[in-house]
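Down below is the structure, laid out as structure tokens.
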Amino acid sequence: MKEERIGTVVNYFSRPMTAAVLIEVESLARGDAIHFKGPVTELYHRVESMEIDRRPCNRAAAGDTVGIKLEAPVRRHDAVFRVEE
């Protein structure tokens, strides 16, 4: 699997489990496989639900902060990679 870094977790909300991710390069789309990686985080996830400014969206571009609903916690400053399958 090839991975490309696309962003960083800037905040995490436990209810509902949602990560605010700053997209730094490229873009992120619904259906993409991503990998959250940090000192204690190792989470693979397929993007099924994401929002920008509390509005559902299908794609986020560089510079956007997007909310992604998750099944497990992540931490601030974790790196986010897109996984090429």
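The values are calculated or read from the model by the stated rules, or taken from the named source; none is laboratory data. For clarity, every value in this text was computed on a predicted model and none was experimentally measured. No Cβ is skipped: glycine too gets one built from the backbone with ideal geometry, and neighbour counts run over all protein chains shown. Side chains included, ligands, DNA and RNA excluded: accessible areas come from the protein's heavy atoms. Shrake-Rupley method; radii C 1.70, N 1.55, O 1.52, S 1.80 Å.
Odds and ends about this structure:
- Of the solvent-accessible surface of the chain, computed with a 1.4 Å probe and all protein chains present, 48% belongs to carbon and sulfur.
- Gained length - residue 46 relative to residue 5, 0.36 nm times residue gap less alpha-carbon distance: 13.2 nm
- Highest mobility in the GNM of the chain, judged by mean-square fluctuation with C-alpha springs under 10 Å and restricted to 64, 32, 53, is found for 53.
- Within a Gaussian network of the chain (alpha carbon springs, distance under 10 Å), most fluctuating of 49, 27, 14: 14
- Using a probe of 1.4 angstrom and keeping all protein chains present, the accessible surface of the chain works out to 61 square angstrom per residue.
- For the residues 18, 41, 65, a GNM of the chain with alpha-carbon springs under 10 Å puts the largest fluctuation on 41.
- Shape class for the chain: rounded, because the ratio a/c of the largest to smallest gyration tensor axis (alpha-carbon atoms, square roots of eigenvalues) is under 1.5.
- The distance between label points at residue 69 and residue 33 comes to 2.2 nm (points 7 Å beyond Cα on the Cα→Cβ vector).
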